[in-house]
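Undergrad: Questions regarding the structure given below will be posed in turn.
The values are calculated or read from the model by the stated rules, or taken from the named source; none is laboratory data. These figures come from a predicted structure and were not determined experimentally. Cβ atoms come from the backbone with ideal geometry, glycine included; neighbour counts cover every protein chain shown.
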Amino acid sequence: MILVAGGSGRLGTLLVRRLSARGLDVRVLTRDPLRAQHLAGVASEIVVGDVRERSSLRKLVEEAETVVSAVHGFPGKGRVSPASVDRDGNANLIDVAAEKGAHVVLLSVVGASRNHAMELFRAKWAAEQHLRASAAPWTVVRATAYLELWAEIMAKPIVFGRGRNPINFVSVHDVAAVVERCVLDPALRGRVLEVGGPEDLTFLGLAELLQQLRGEKGSVRHVPRLMLRAGAPFSRRASAALTMDSIDMTFDAAAARGAFADIPSTDARSALSRALTEHAG
Ligand SMILES: NC(=O)c1ccc[n+]([C@@H]2O[C@H](COP(=O)([O-])OP(=O)(O)OC[C@H]3O[C@@H](n4cnc5c(N)ncnc54)[C@H](OP(=O)(O)O)[C@@H]3O)[C@@H](O)[C@H]2O)c1
């Protein structure tokens, strides 16, 4: 059995569909079964748990050969945060999986590091370290920013800050295919795989591409950096937007593709066209 924590999310849903289509037994862990109702009849089981509560995990991890962590606490409020979910919640999940001898596949971010400017990247780094020090067999998949998420965030042509910083974006479909490979291929244990898209784009470039694909005209509006700076101490999103507008977020995806060269590397135009068609349908 494969337990997918975060199975109700964007990446998790695609992964659950892929694994289930192979006839594999997939258990989705969610805090709220309503969030996973689109997977009823696809996953073998939908179970309720919270990675922040270790005691809720033991029974759910029982019988799992593989545990995938596709959770994140970035969009949360209050007790939901990168520290509580991505760092401490992942540590709980990893410890329980290690007790049961399960293989852990951890979703992380390209650029995760101890001193990163973004809390999420520091929390993912801590989770990676925890996993590598644990007794569990492991695989880490680090990905760049998901195009499909940003297409949703940029439903209106608004750019945070100057929008001229090149950033690597990847299609979540390609990441799901790599994670599926990590679940299935024991040769990838003990590896950190980095997945990105074939091109770096600025937020301005992304906004213009989205306008073209949506058949919209008009100028792209900016949330000024001054406003982001004022909001940053109180808002994780404002702080992250400011960082994404400034630091190096480029990535040479081609150089990292050795272990999964046969998996598609979808260009931004095709990935966004698919996302917009799916959204309209
Ligand atoms: N989005 C990106 O651009 C990006 C880039 C690189 C890496 N990643 C990583 O890829 C993975 C998937 O990202 P995504 O954008 O697909 O996520 P998403 O759609 O935002 O879904 C987040 C998932 O986390 C689960 N979750 C949150 N807090 C939880 C908790 N306390 N206990 C259990 N589950 C919890 C949610 O489940 P319920 O709400 O159903 O409980 C949901 O399924 C994450 O690990 C993320 O950090 C994302």
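Undergrad: I'm trying to understand the selection: among the residues of the range 59-81, which are farther than 18 Å from Trp138 by Cα and either more than 12 Å from the ligand (Cβ to nearest atom) or surrounded by fewer than 24 Cβ atoms within 10 Å (Cβ to Cβ) (or both)?
TA: Listed by number, the residues that qualify are Lys59, Leu60, His72, Phe74, Pro75, Gly76, Lys77, Gly78, Arg79, Val80, Ser81.
Undergrad: Among the numbered criteria (1) surrounded by fewer than 21 Cβ atoms within 10 Å (Cβ to Cβ); (2) away from the ligand (no atom under 12 Å from the Cβ); (3) among the aliphatic types (A, V, I, L, M), which one does Ile94 miss?
TA: (1)
Undergrad: Criterion first (of a type in the set (S, T, N, Q) and more than 30 Å from Leu131 (Cβ to Cβ)) does Thr250 satisfy it?
TA: Details: of a type in the set (S, T, N, Q): yes; more than 30 Å from Leu131 (Cβ to Cβ): no.
No: the conditions fail for Thr250.
Undergrad: Same structure again: Residue by residue through the range 149-169, note down the ones that are part of a strand (DSSP E or B) and of a type in the set (Val, Ile, Thr).
TA: Across the range 149-169, the qualifying residues are Ile158, Val159, Ile167.
Undergrad: Name the one entry in Ser56, Ser84 that is modelled with pLDDT of 95 or more, farther than 30 Å from Ala254 by Cβ and near the ligand (Cβ under 9 Å from one of its atoms).
TA: Ser84
Undergrad: Among the numbered conditions (1) within 25 Å of Ser171 (Cβ to Cβ); (2) more than 11 Å from the ligand (Cβ to nearest atom), tell me where Thr30 comes up short.
TA: Only one criterion is unmet by Thr30, namely (2).
Undergrad: Quickly run through the range 169-204 and pick out the residues that are more than 14 Å from the chain's Cα centre (by Cα) and polar (S, T, N, Q).
TA: Thr202, the sole residue that qualifies.
Undergrad: Given the criterion over 30 Å from Ile2 (Cβ atoms), at pLDDT 95 or above and surrounded by 13 or more Cβ atoms within 10 Å (Cβ to Cβ), identify the matching residue among Ala177, Ala207.
TA: Step by step, each of Ala177, Ala207 is checked, and only Ala207 is over 30 Å from Ile2 (Cβ atoms), at pLDDT 95 or above and surrounded by 13 or more Cβ atoms within 10 Å (Cβ to Cβ).
Undergrad: Looking at Ala136, is it surrounded by 20 or more Cβ atoms within 10 Å (Cβ to Cβ), small (Gly, Ala, Ser) and over 18 Å from the mean Cα position of the chain (by Cα)?
TA: Yes, satisfied.
Undergrad: Of everything in the range 170-187, what is β-branched (Val, Ile, Thr), assigned to a helix (DSSP H, G or I) and under 16 Å from Pro264 (Cβ atoms)? Give them in sequence order.
TA: Across the range 170-187, the qualifying residues are Val172, Val175, Val178, Val179.
Undergrad: Let me ask you something else. Can you tell me how many residues within the range 126-156 are over 29 Å from Val223 (Cα atoms) and more than 10 Å from the ligand (Cβ to nearest atom)?
TA: Residues that pass the stated criteria total 14.
Undergrad: Can I ask one more? I'd like the full set of residues that are within 24 Å of Ala176 (Cα to Cα), more than 10 Å from the ligand (Cβ to nearest atom) and in contact with an Asp or Glu (Cβ under 8 Å, 6 or more places away or on another chain), limited to the range 97-125.
TA: Ala102, His103
Undergrad: Do we have Arg17 as surrounded by 15 or more Cβ atoms within 10 Å (Cβ to Cβ), within 14 Å of the ligand (Cβ to nearest atom) and more than 15 Å from Lys100 (Cβ to Cβ) here?
TA: Yes.
Undergrad: On to the next question. For Arg162, all conditions in the list (1) in contact with a Lys or Arg (Cβ under 8 Å, 6 or more places away or on another chain); (2) buried (at least 19 other Cβ atoms within 10 Å of the Cβ) hold save one; what is the number of the exception?
TA: Single failed check for Arg162: (2).
Undergrad: Considering only the range 15-32, I want to know if a residue exists there that is farther than 18 Å from Val183 by Cα, touching a residue at least 60 places away in the same chain (Cβ under 8 Å) and not hydrophobic (A, V, I, L, M, F, W, C).
TA: No: the range 15-32 contains no residue that is farther than 18 Å from Val183 by Cα, touching a residue at least 60 places away in the same chain (Cβ under 8 Å) and not hydrophobic (A, V, I, L, M, F, W, C).
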